[in-house]
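Visitor: Here it is, the structure, as structure tokens.
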Amino acid sequence: MAKRTIVTMPGDGIGKLVLEQAIQVLDAAGFSANYIHGDIGWEFWCKEGNPFPERTQKLLEEYKIGLFGAITSKPKDKAEAELSPELKGKGLTYYSPIVSMRQKYDLDICKRPCHTFKGNPLNFIRRGFGGSIEEPIVDVMIFRQNTECLYSGVEWTNPPDPVYDALMTHKKFKDNFSWCPRPDLAVSARIFTRKYTTRIVKAAFEYAKERGFDTVTVCEKPNVIRETSGMMMKIAHEMSKNEYPDIRVQDTNIDAQMMWLTKNPENYHVIVAGNMFGDIVSDGFAGLIGGLGFACSANIGQEIAVFEPTHGSAPKYADFNPSIVNPIAMILSAVMMLEHIGEKETASRISKAVADVIFEGKVKTYDMLKVSGTPEAISKGAASTQQMTDAIIAKLK
């Protein structure tokens, strides 16, 4: 059988470090692939005016599977200021390359698992009856609609005449915002479509069915955001009634959910949400299992899929020698890639190796050791990035 080709896109900052670690683990587990580098990130915005170059787009279009590290994003004014002099003033606009990638290739289904690793010193604990200490088991998959909502990129400052005139036809806008001078008005559109809302809700129900869970939780705000959140809620109820009668729908408002996830996180197993609220609630749950050093994700479309940790590029850590960052989120993202392409046995072996290292507790990165993320963390007993990778590889062998 021919080797599969994987497009590797390290990106910025620590993305370059952790992606290399994940490939080491994949190699040690016996996964054989050709890795082709794809340029992406801040460097290419600055010198080319495009953080997601067409040459990388063509690689993804050809090979369909990508492993992505992390990117740096900066506000509009700073992005413009850091462009090469010959590119300034040409009307170029910075858009996050991962958001652009999701939209260009309809990577609309985002899966973000948050699972407790036994023995992780960063696991969430709470006080129980009589002052006892409880450590609830978190086992939740968050399905985040990945291409719409407030991440659509449809927004204006000083909206043009057609947009402003359309807004003025809405009574709420006319009554409450017509006083505002247009140059002082900024508008971002929260867009849901039935097609893609149905796809993400369907994915959540299928996962619940596969895992034997009897509930899908819709985490939105339909009592206030009636049209968009309301669409997702209505679709979920219709799907439960017509296609999945053994799986019920419960709804939680995003604000209440952020409280409840620290009161009873073990009660949630399948959550579906729009882009913004899915982003928020997945980071909230990630905090219960150790933080972003353990938070992996998949961006899945009908043809192309890209797998990435949910942490950022953390440039302040990028030049530490030795590196101290936790590579587990990237390694687990590679595990999600293996599961997606049918390499389930290899995925299971790597997952077990990670779990064994954490449970054993002999090798801990600075976050797990609860020391400051400085170069001095190594002298305080923290494992380097490479040492954590080596420990996982040793368990594989």
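Visitor: Using a 10 Å cut-off around each Cβ, can you sort C219, C180 from fewest to most neighbouring Cβ atoms? The partial results should precede the final answer.
Guide: Numbers: C219 30, C180 11.
With the sparsest Cβ surroundings first, the list reads C180, C219.
Visitor: Okay, next question. Around K74, under 14 Å between beta carbons, what's the net of Lys plus Arg minus Asp minus Glu among the other residues?
Guide: On the way: positive: K76, K78; negative: D12, E43, D77, E80, E82.
It works out to a net charge of -3.
Visitor: Let me know the charge dipole size of the chain about its Cα centre in debye, to the nearest 20, where only the beta-carbon of Lys, Arg (+1) and Asp, Glu (-1) is charged. Spell out each step's value before the answer.
Guide: On the way: 47 positive and 48 negative charges, 88 e Å.
Charge dipole, the chain, about its Cα centre: 420 debye, nearest 20.
Visitor: Also, quick follow-up: Give the aspartates and glutamates reachable from K397 as a straight Cα distance under 13 Å; neighbours fewer than 8 places away on the same chain don't count.
Guide: Filter leaves D27, D356.
Visitor: Whole-Hz ³J(HN,Hα) for each residue in segment 221-226, computed from phi via Karplus 6.51 cos²θ - 1.76 cosθ + 1.60 with θ = phi - 60°, x for glycine and proline: what do you get?
Guide: 8, x, 6, 10, 8, 6
Visitor: Here's another thing I want to ask about it. Evaluate E = 1/(1 + (r/R0)^6) for E266 and T374, where r is the Cβ-Cβ distance and R0 equals 35 Å; express this FRET efficiency to the nearest 0.05. Could the numbers behind the result be given before it?
Guide: Values: r = 35 Å, r/R0 = 0.99.
Result of the calculation: an efficiency of 0.50.
Visitor: Right, next: Over the residues of the chain, compute the C-alpha Rg and express it relative to 2.2 N^0.38 Å. Spell out each step's value before the answer.
Guide: Values: Rg = 22.1 Å, N = 397, 2.2 N^0.38 = 21.4 Å.
Output field value: 1.03.
Visitor: Give the aspartates and glutamates reachable from K64 as a straight Cα distance under 14 Å; neighbours fewer than 8 places away on the same chain don't count.
Guide: Reachable aspartates and glutamates: D106, E303.
Visitor: Quick check on segment 264-316: take the gyration tensor over C-alpha atoms, sort the square-rooted eigenvalues as a ≥ b ≥ c, and tell me if it's rounded (a/c under 1.5), prolate or oblate.
Guide: Numbers: a/c = 1.94, a/b = 1.09, b/c = 1.77.
Oblate.
Visitor: Provide H115, H170 in ascending order of the number of other Cβ atoms located within 10 Å of each residue's Cβ, fewest first. Working shown, then result.
Guide: On the way: H115 16, H170 11.
The most exposed by this proxy come first: H170, H115.
Visitor: Quick one: of the DSSP bridges fully inside the chain, what percent are antiparallel, nearest 5?
Guide: On the way: 21 of 45 bridges.
Bridges in the chain are about 45 percent antiparallel.
Visitor: Next question, about the same structure. Once label points are set 7 Å from the Cα along Cα→Cβ at both D165 and E345, what is their separation, rounded to one decimal in nm?
Guide: So the two model labels end up 6.6 nm from each other.
Visitor: Here are some pairs, K16/K370; K58/K111; K104/K195; K118/K352; K16/K76; which of them have Cα atoms lying more than 19 Å apart in this structure? Each step should come with its number before you reach the end.
Guide: On the way: K16/K370 24 Å; K58/K111 24 Å; K104/K195 16 Å; K118/K352 11 Å; K16/K76 24 Å.
Result: K16/K370; K58/K111; K16/K76 exceed 19 Å.
Visitor: Next question. Rounded to whole Å and sorted largest first, list the principal axis extents of the Cα atoms in segment 259-397.
Guide: 44, 37, 29
Visitor: About the Cα centre of segment 255-397, how large is the charge dipole given +1 on each Lys and Arg Cβ and -1 on each Asp and Glu Cβ? Please answer in debye to the nearest 20. All intermediate terms of the calculation are to be shown ahead of the outcome.
Guide: Values: 11 positive and 15 negative charges, 106 e Å.
Roughly 500 debye for segment 255-397.
Visitor: If you take every residue apart from K172 with its C-beta less than 12 Å away from the C-beta of K172, what net charge results, scoring Lys and Arg +1 and Asp and Glu -1? Before the final figure, lay out the partial values.
Guide: On the way: positive: K171, K174, R226; negative: D175, E227.
Here the count lands on +1.
Visitor: Identify, among Y63, C296, N158, the residue whose Cα sits farthest towards the positive end of the charge dipole of the chain, taking +1 on the Cβ of Lys and Arg and -1 on the Cβ of Asp and Glu, with the dipole about the Cα centre.
Guide: So the residue furthest toward the plus end is C296.
Visitor: Separate question: Among V224, V18, rank each residue by its count of other Cβ atoms within 10 Å, from fewest to most, as a rough exposure measure. Before the final figure, lay out each step's value.
Guide: Values: V224 10, V18 30.
Listed from fewest to most nearby Cβ atoms, that is V224, V18.
No value in this document is a laboratory result; all are computed from the given coordinates. This structure is a prediction, so every number in the text was calculated from the model and none was measured. All Cβ positions, glycine included, derive from the backbone under ideal geometry; neighbour counts span all protein chains shown.
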